[in-house]
Structures are given as structure tokens and as C-alpha cells.
Amino acid sequence: MAVWPIKQRTIIHFQAPDYWYNRGLSIVKLFPGAQVSDGGPGDLTVNVTETGPGELTIVVRRGTKIWEETADASQDSFSRALFRAISDCNGQPLSPWGILTGVRPGKLAATLLAATGPGPAMTELEQHYLVDRQKAELVLETVANGLPLLAGKGLSIYVSVPFCPSRCHYCSFAAYPRAAWEHLLKQYLATAAGELDQVLKFCRQHQVSVNSIYVGGGTPTVLEGSELEQLLQPAAQADCEFTVEAGRPDTVNRDKLAVLSELGVNRISINCQFPDDATLAAIGRTHTVADFDAALELAQASGIPVINSDFVVGLPGQHLQGFCRALNDLAERGVQNITIHSLAVKRGAQISSQYLDSHQAAAIANSGYKTLREAGYRPYYLYRQTDIAANQENVGFGLPGTYCYYNIASILESEPVIGVGAGAVSKLVGDDGIATLNNPRDPGVYLQRNQQLVERKLAWLSRRFC
Ligand code: SF4
């Protein structure tokens, strides 16, 4: 089984004093197909040495060719010099996001915009962080569109339904085939509904505004209508943005949509990925393009006002014209939000060599952005993942006035997000920083530990809001 997206591995022999090794590794790993070793022969070698007080020298060798840079002994100076030396060896920049590894570009852009304004923020992104101009413009525009919508107080809630009809080949989420957990499903729904109820009761009692509720997974609509009602009843008619992911179109029907609409759900996500039956079969989806079309029609008739659809770039059989045609088609059919994901394949995912070359995928993504802009959509949230194709990004586009609050707040980590259900992560954003609290991914373990975790969350909420 080939590993996507790199068809060829490059063994990099990386040597540096411990402190600098740890700081430089994430840059070295940006090299296409990098497999880093600290001993034995390599396709290229990277040596970092301390050559004077506060001075580092970086030497990159490939065959008989040598590239050399010096840096002062500060983190960013070192990262820039290392990035430049290995980029020169590569013949092009290692990443369009420069030295931004392990950093949320949107959060950094928001900080820079607030501190200095757009012009200096652009300069800082390009010169200090070596971000490509197009990407710097993209992230600044994204933040400028999304940031003004944030409430500045209160919290959001994420509800996890970690079950799917089947497992997609590239999936790395906490998602289990429903059939494997059927025996505990009733108990799971009762426990997660109880957890949701306790968080919402706290908010009502202490006048904490709930800005958004997002039900994700997994595929929440793998549940039947009555099961969705049981899980989400505590949030019924919530006076806030209320989103449910119906990721797999084959899980959507009129009954479930009626239940969601009745509960007050006002956004739904029905994911297309790429409208081609051969592609969908190749990635392990158990639905067809016709299923997607039917689900979209049902959702539009259900009265749920805003619909999002996710596309994934890099899938087998995908091509640029077909991708842009599909985006235009959804725009013409009135889908208000479209998110373009660059495929990220993590260790453990099953993947075949049919997936696109990462640079083809980047070209398709960029054309997709252009197509959506021309159709009136604007980017309003952006995030990156490790192992993402060609070091690209995921971008949410929306028609103005239909942006998803939850996506903006959670990506910018601007307010607490309380996670409910197995695999849900609570981001406890406080005045003194951000702590995370993970609910166990395994539904069985979640059921055993639930009450203890709820108590920890309520205790944190009391400290934060009372
Ligand atoms: S639908 Fe999403 S969560 Fe479910 S298996 Fe596929 S990629 Fe994973």
C-alpha cells in the first residue's frame, strides 16, 4: 500500500545540538517525503553547529552540492535560516506557510491585525514568518471576515456522535461503525444527553450566553430521528446558532430532517467530497452522487436555513475542471457555505496510490478558491493540519451573512468550547490561557468516566463565570 501524497521518500540525516534539534525538526519534516534519521546514510544531510557565541551555522548537503546559512541563536532566526537552506536545496520554498508549523495562522493573523493593522501584519507574515504572499493575503482576509462576528463573552458547545455507517479509508477521527456499538447506543445517548443538559442548565442558572451548539462526529445523522431527538432534546429551541453535521448523505432522510428542524437546528452540513461515483467508491464512501443530490434537495425543503457542503481535494479521479464545475453547481443550487479541505492522511489511515500528487491537489484547491470568490463567496475561517497535502490548508467559504460562528470561534480559540460525548475535546479558554479536557474516545470508557468528567467541567465553568 503506497503512502499518500508523496510517491518517493527522502531520507534526511539531521544532526544538531539537542536544543536546536527539537526546534528544527518540524522545519526539516516539511521537505517533500521527508523521513528523518539521526544516523546512517541519507539522501541529504542537514548539520547545525554552534560556530560562535550566539551564532549557528546550518549546512545542507545533497550529493556534491552544499547550501549554507548562518543564524543568531534565537528560535525564529534559526527557523528562518533552516527553512531557507533546505528550500534552496529543494529548489522551491518548503511550504507556502513558511516557518508557521504548530501555529494557528488565523490566531497569529488576528493578533498581528489587532496590534499593527493590515499593512504591517502582511509584512510581518511575509518577512518574519516567510509566508507566501497569497497565503498571507488569504489568512488576513479570512480573519477580517470572521473576527467581527465573535461575541466576546459566553461559550460554545460541541456534541460528539462518534458513529458512522462505515469507515472511510482516510479517516483518522474517533469514528466507529454504528453496528459495533449498537448494544451500548441507548446508554450512550442517555449519558451524552445528560451531559449536555447539565452544561446548558449551568449556563441558564448563571446567565452565561451559549453562542453556538455544534453537533459533529462521526456522522450524527447515522442516528434515527427518535435517537437524535433523545440526544438533542436538552438543546431544543436553543436561542443560538445550532449546527448538525449530516456528513454522509446516505444517512439523511425526511424524518430526521423534520426532527432537526423541529428541535431548532438552523445549519446542516451535507458533504459532497467530490461528486463522482467512482471517486466515492474508491475512498470507501457508501453513497452515490445521486444520494447527495437527493439529500441536498430534502435539506433545502426541510426549512433548515443554512446548508454547508465539504469538498476534499486530492481524491482519486479528481481533476481541476470537474472540481470547479462541481463548486459552481452547488453555488447555483443555493448552498451557502462550502468548505474546501486539503486531504490530510494520518498514520494508521488506509490509503492507496490512486490519490493525487500533492501539487496537483494544491492547484485544484487554488482554482476552487477562485471559483468560489467569483460566485460571491468569501473565506471566513482557515485551519491547517499536520500531514496535509503540499502543506496547504482547509478554508471555509460562505456567502456574507451565513458564516458559521462555531467554526470561527473554535479555530480562533476565542471562547470556551465545552465538549460533550465520547471523543469530544473541551477547550477551556480562560484569562490565564487555554487548557484542554478530553472525553475518552472509546464510547465504553466514556460511559464509565462521564460523571467525573462532567463534574470537572462544571467546576471549571464555576471558576470561569461565577
Ligand atoms: S464520514 Fe467522516 S468521520 Fe465518518 S468515517 Fe468518514 S471521514 Fe471518518
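Figures for the structure shown
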| read-out | value |
| --- | --- |
| Rel. contact order, % - alpha carbon contacts under 8 angstrom, at least six apart, the chain | 15 |
| Tail weight of P(r) past 20 Å, computed on alpha-carbon pairs of the stretch 25-97, percent | 26 |
| Compactness of the stretch 185-257 as Cα Rg over 2.2 N^0.38 Å, two decimals | 1.14 |
| Footprinting exposure proxy for 457, 256, 153 (fewest neighbouring C-beta atoms within 10 Å first) | 153, 457, 256 |
| Test item: Cα-centred dipole of the chain, Lys/Arg +1 and Asp/Glu -1 on Cβ, debye | 420 |
| Environment charge at residue 211 (Cβ cut-off 11 Å; Lys +1, Arg +1, Asp -1, Glu -1) | -2 |
| Gap separating the Cα centres of the stretch 397-413 and the stretch 293-331, nearest whole Å | 18 |
| Net charge of Cβ neighbours under 14 Å - reference residue 223; Lys, Arg +1; Asp, Glu -1 | -3 |
| Point-to-point label distance, residue 402-residue 209, nm (Cα→Cβ direction, 7 Å offset) | 2.4 |
| Once the Cα gyration tensor of the chain is diagonalised, semi-axes √(5λ) in Å | 39, 26, 22 |
| Footprinting exposure proxy for 147, 155 (fewest neighbouring C-beta atoms within 10 Å first) | 147, 155 |
| Point-charge dipole on Cβ atoms (K/R +1, D/E -1) for the stretch 105-147, about Cα centre, debye to 20 | 100 |
| Amide H partners (placed H, <5 Å) of residue 286, local residues excluded | none |
| Gain upon complete extension [residue 464, residue 18; 0.36 nm per residue less C-alpha separation] | 156.7 nm |
| Ranked list, fewest to most other Cβ atoms within 10 Å of each Cβ, for 29, 135, 186 | 186, 29, 135 |
| Stokes-Einstein translational diffusion, the stretch 210-355 - Kirkwood Rh over all Cα pairs, 1.002 mPa s, 20 °C, in µm²/s | 135 |
| Farthest positive-ward along the chain dipole, Cα basis, beta-carbon charges - from 184, 34, 83 | 184 |
| Cα-based convex hull volume of the stretch 105-147 per residue, rounded to whole Å³ | 55 |
| Spherically averaged projected area in nm², based on the convex hull that wraps the Cα atoms of the stretch 61-149 | 6.4 |
| Beta bridge orientation in the stretch 150-450: antiparallel %, DSSP, nearest 5 | 35 |
| Cβ-placed point charges (K, R +1; D, E -1), dipole of the stretch 179-333 about Cα centre in debye, nearest 20 | 280 |
| Cα shape, the stretch 1-143, gyration tensor, a/c 1.5 rule | oblate |
| Placed amide H near residue 213: partners under 5 Å, 5+ positions off or other chain | 157, 241, 242, 243 |
| Proportion of all alpha-carbon pairs of the stretch 426-466 beyond 15 Å (%) | 45 |
| Share, in percent, of DSSP beta bridges within the stretch 10-90 that are antiparallel, nearest 5 | 65 |
| All Cα pairs of the stretch 118-196, percent lying beyond 14 Å | 76 |
| Rough spin-label spacing in nm, given labels placed 7 Å along Cα→Cβ, for residue 357 and residue 47 | 3.4 |
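Values in this text are rule-based calculations from the coordinates and carry no lab data. Small disclaimer: the values here were computed from a predicted structure and weren't measured. Counting neighbours? That spans all protein chains shown, and the Cβs are built from the backbone with ideal geometry, glycine included.
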